[in-house]
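Inspection log for the structure reproduced underneath, given as structure tokens.
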Amino acid sequence: MRFFFILFFVVNFSFASLSFNRNTTIYNHVLKSLDIPQKFIYTRNFHTIQQEFKRYRKSHFFDVSRTETYFVPDLIKIINAQNIPDVFLFMALAESGFAIHAKSRKKAIGLWQFMPATAKKFGLRVDEFVDERKDPYKSTNAAIKYLKHLHTIFGKWYLAALAYNCGEGRVLKAIKKAGTDDIVTLIDPKKRYLPKESRRYIYKIVMLALMANDARYQLNADLAYILLRGEEYDVIPVQVKGAELLGYISDSIRLNYNYLKELNPHLKRAFTPPDVQKYTIYIPRMKYNDFKRFYKPSNFAEGFLTHRVKKGESLYKIARKYGVKVSMLKRFNNLNRSMIRIGQKLIVPIPKKIIKKRVYRVKKGDTLTFIAKKFGVTAHKIKQWNKKRDSRLRIGEALVIYN
């Protein structure tokens with residue numbers, strides 16, 4: 001059975017300190033899981049870092065009261081199930097302090113600090129409706145895919161961690177320059193094969209893992225607390241309809257609206273993405289029975305339009321133009337007031353009662369622009385209605401068009 005050291009500290013956190021003893025099971029487990037040789041802990045640099053981290057005995061590395069910590073127990077389960085080192089939980093802690101909204105100077109975002117291009121490469125959606133770098137479950141699975149990809153390239157987990165931090169090219173260049181992939185050589189502060197931040201990165205992951213398993217450190221108590229607290233803090237994923245208002249969901253299951261928003265920080269708007277049939281959101285586990293019993297997909301609208309505010313327009317004029325209520329526009333665009341600005345993009349739900357639905361079969365020679373002009377709409381809207389990623393058409397393809 002795979003040794004899961006994170007659970008070990010929960011059972012033993014109240015007993016004698018591990019004292020950072022180099023012969024303890026935890027110490028050996030951390031090094032071995034990252035493919036780090038034993039000589040690493042006998043270097044002067046490691047001793048210096050070890051002394052530095054002793055200053056953090058009473059430090060809180062994250063706020064146990066924050067909503068995002070509710071996800072940590074499930075993140076541990078995901079990591080343990082994916083056959084990567086369980087020590088990588090502390091990589092997330094090193095990256096973001098478990099803060100979902102964490103943002104770096106380079107605009108990396110989320111628990112795992114993904115840049116937009118890397119996030120999309122590993123299956124995360126980042127667009128005007130959602131930023132899944134802030135989805136704890138999806139971003140963790142994406143980080144695992146990325147780490148496995150890097151491990152395939154480098155063959156050692158500590159190299160995968162370094163590449164995650166500073167990039168594959170930087171690590172490959174450092175290995176070539178050093179003539180070795182030895183960890184002690186690569187992070188030698190005198191040689192400077194890697195940036196200072198990356199050299200400290202490995203030390204930080206190792207030290208956080210050791211501190212989490214030492215009862216003298218507050219980190220040990222904080223992690224134990226969030227893993228042992230009651231089921232009222234458990235979170236569960238559920239599927240809802242695309243373009244579903246969070247307010248409607250919260251009303252259906254009798255859950256505070258702001259709390260539901262906190263549990264779903266990846267949603268940029270007050271509704272789920274309108275271009276999918278179903279979408280996953282998160283609710284408290286204790287509300288799951290209410291969800292099964294009371295939630296029924298809404299029937300607010302047949303389709304959605306994107307409207308860019310023009311000079312002289314007001315929310316009232318736009319609502320009247322499309323035959324919707326101002327209150328509905330506010331809800332779908334998360335507006336507290338009626339103030340709008342020129343150029344602002346608004347999502348407009350189109351009520352069934354005023355919409356005319358057509359189905360057009362693509363003919364030879366048709367283009368999206370030609371069809372759009374034929375029906376007095378835009379090519380962009382046709383793509384939205386038909387969930388098309390590009391403008392390519394097939395002869396005989398059925399396109400839904402609303403007027």
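The values are calculated or read from the model by the stated rules, or taken from the named source; none is laboratory data. All figures in this text were calculated on a predicted structure; none of them were measured in a lab. Note: ideal-geometry Cβ built from the backbone for every residue, glycine included; neighbour counts use all protein chains shown.
Name the residue that is surrounded by the most Cβ atoms within 10 Å (Cβ to Cβ), counting only residues in the stretch 325-338 that are at pLDDT 85 or above and among the aliphatic types (A, V, I, L, M).
Leu329
In the stretch 302-403, which helices (runs of 4 or more DSSP H) lie fully inside it and hold 2 or more residues that are touching a Cys at 6+ places or on another chain (Cβ under 8 Å) and not assigned by TED's automatic domain parsing to the domain that holds Lys241?
Per the criteria, no element qualifies.
Considering only residues of the stretch 36-95 that are of a type in the set (Phe, Trp, Tyr) and under 30 Å from Leu260 (Cα atoms), which is surrounded by the most Cβ atoms within 10 Å (Cβ to Cβ)?
So, considering only residues that are of a type in the set (Phe, Trp, Tyr) and under 30 Å from Leu260 (Cα atoms), the one surrounded by the most Cβ atoms within 10 Å (Cβ to Cβ) is Phe88.
Suppose the filter is outside any strand (DSSP E or B), at pLDDT 90 or above and touching a Phe, Trp or Tyr at 6+ places or on another chain (Cβ under 8 Å); does Asn220 pass it?
yes
Can you tell which of Thr152, Thr180 is among the polar types (S, T, N, Q), surrounded by fewer than 21 Cβ atoms within 10 Å (Cβ to Cβ), touching a Leu at 6+ places or on another chain (Cβ under 9 Å) and without any contact (Cβ under 8 Å) to a residue 40 or more places away in the chain?
None of the others qualify; the one that does is Thr180.
Which residues, taken from the stretch 357-403, are modelled with pLDDT under 85 and loosely packed, with under 10 Cβ neighbours inside 10 Å?
Listed by number, the residues that qualify are Gly376, Arg389.
So the check is Cβ under 8 Å with 6+ separation or different chains; which pairs have a first residue in the stretch 205-233 that's more than 16 Å from Pro284 (Cα to Cα) and a second one that's basic (Lys, Arg)?
Arg216/Arg57; Tyr217/Arg57; Gln218/Arg57; Gln218/Lys58
Looking at Tyr288, Tyr279, which one is within 28 Å of Ala379 (Cα to Cα), within 24 Å of the chain's Cα centre (by Cα) and not in a loop (DSSP other than H, G, I, E, B)?
Tyr279
In the stretch 364-401, which residues are touching a Phe, Trp or Tyr at 6+ places or on another chain (Cβ under 9 Å), touching a residue at least 24 places away in the same chain (Cβ under 8 Å) and under 20 Å from Leu305 (Cβ atoms)?
If the condition is that a residue be touching a Phe, Trp or Tyr at 6+ places or on another chain (Cβ under 9 Å), touching a residue at least 24 places away in the same chain (Cβ under 8 Å) and under 20 Å from Leu305 (Cβ atoms), then Ile371, Phe375, Val377, Lys381, Gln384, Trp385, Leu399, Val400, Ile401 are the ones that fit.
Would it be correct to say that Ala243 is among the hydrophobic types (A, V, I, L, M, F, W, C), assigned to a helix (DSSP H, G or I) and under 30 Å from Tyr288 (Cα atoms)?
When the stated conditions are applied, Ala243 does not pass them.
Looking only at helices (runs of 4 or more DSSP H) that fall completely inside the stretch 1-118, which ones have 1 or more residues that are under 16 Å from the mean Cα position of the chain (by Cα) and at pLDDT 90 or above?
Output list reads 72-81, 89-96.
Do we have any residue at all in the stretch 200-218 that's within 17 Å of Phe114 (Cβ to Cβ), buried (at least 19 other Cβ atoms within 10 Å of the Cβ) and under 24 Å from the mean Cα position of the chain (by Cα)?
Yes: one or more hits.
Among the listed residues Ile249, Ile236, Ile226, which satisfies the condition of being touching a Ser or Thr at 6+ places or on another chain (Cβ under 8 Å) and either outside any strand (DSSP E or B) or within 26 Å of Phe62 (Cβ to Cβ) (or both)?
Ile226
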